[in-house]
């Protein structure tokens with residue numbers, strides 16, 4: 001089955017985002033081998049669903065995106081591993097949040113990861129997972145210069161050996 005990531009975008013957007021040209025100087029395939037045993041690794045989650053913790057964190061900026069349709073909020077949120085599902089909110093204009101709010105495991109499988117840790121399939125889970133808003137500006141300048149390095153620094157602080165990307 002082919003997943004159509006552009007199904008809910010206006011048809012005019014499809015051509016812009018479906019087959020982007022590689023960025024200058026970034027034509028090589030990015031691959032980082034995972035040499036350690038998963039049972040010895042500390043794993044973090046990174047969701048693109050736009051999760052934030054209700055009442056504790058600022059939601060992602062959907063209003064600017066409404067005004068500038070090619071812009072996406074490049075910020076990120078630290079999501080505590082043990083946050084209750086009913087404490088999460090979703091801000092994302094390109095997905096329907098109803099199912100995610102009903103079952104956040106769809107795009108932030110923290111309980112599933114905890115189960116794998118309990119079964120000793122995975123060594124440990126980080127105490128913090130991360131969420132971003134998946135729809136981003138073409139070029140990703142702020143992502144490459146700020147967002148990405150900030151998240152990587154936090155992952156290192158958490159002692160993460162690997163990251164599971166959990167798309168919305």
Does any residue in the stretch 155-168 that is at negative phi and modelled with pLDDT of 90 or more come within less than 7 Å, Cβ to Cβ, of a residue that is assigned to a helix (DSSP H, G or I) and crowded, with 19+ Cβ neighbours inside 10 Å six or more places away or on a different chain, and which pairs are these? 163/155
Suppose the filter is surrounded by 15 or more Cβ atoms within 10 Å (Cβ to Cβ) and within 21 Å of the chain's Cα centre (by Cα); does residue 71 pass it? yes
Inspect the stretch 22-33 for any residue being part of a loop (DSSP other than H, G, I, E, B), touching a residue at least 60 places away in the same chain (Cβ under 8 Å), surrounded by 10 or more Cβ atoms within 10 Å (Cβ to Cβ) and in contact with a strand residue (DSSP E or B) (Cβ under 9 Å, 6 or more places away or on another chain) and give the result as yes or no. no
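Could you list, in sequence order, the residues of the stretch 103-118 that are closer than 16 Å to residue 130 by Cα and in contact with a strand residue (DSSP E or B) (Cβ under 7 Å, 6 or more places away or on another chain)? Walk me through how you get there before you give the answer.
Filtering the stretch 103-118 down to residues closer than 16 Å to residue 130 by Cα leaves 104-114.
If the condition is that a residue be closer than 16 Å to residue 130 by Cα and in contact with a strand residue (DSSP E or B) (Cβ under 7 Å, 6 or more places away or on another chain), then 104, 107, 108, 109, 110, 113, 114 are the ones that fit.
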Any idea which residue in the stretch 92-128 is nearest to residue 168 (Cα to Cα), counting only those that are part of a loop (DSSP other than H, G, I, E, B), in contact (Cβ under 8 Å) with a residue 60 or more places away in the chain and touching a helix residue (DSSP H, G or I) at 6+ places or on another chain (Cβ under 7 Å)? 107
Just one of 65, 142, 56, 89 is out of contact with any helix residue (DSSP H, G or I) (no Cβ under 6 Å at 6 or more places or on another chain), part of a strand (DSSP E or B) and either surrounded by 15 or more Cβ atoms within 10 Å (Cβ to Cβ) or at pLDDT 90 or above (or both); which is it? 89
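Across the stretch 68-89, what is the number of residues that are under 22 Å from residue 127 (Cβ atoms) and in contact with a strand residue (DSSP E or B) (Cβ under 9 Å, 6 or more places away or on another chain)? So that I can check it myself, show each step before the final result.
Applying the first criterion (under 22 Å from residue 127 (Cβ atoms)) to the stretch 68-89 yields 75-89.
Pick out the ones that are also in contact with a strand residue (DSSP E or B) (Cβ under 9 Å, 6 or more places away or on another chain) and you get 75-81, 83, 87-89.
Final tally of qualifying residues: 11.
The values are calculated or read from the model by the stated rules, or taken from the named source; none is laboratory data. All values reported here derive from a predicted model rather than from experimental measurement. Note: ideal-geometry Cβ built from the backbone for every residue, glycine included; neighbour counts use all protein chains shown.
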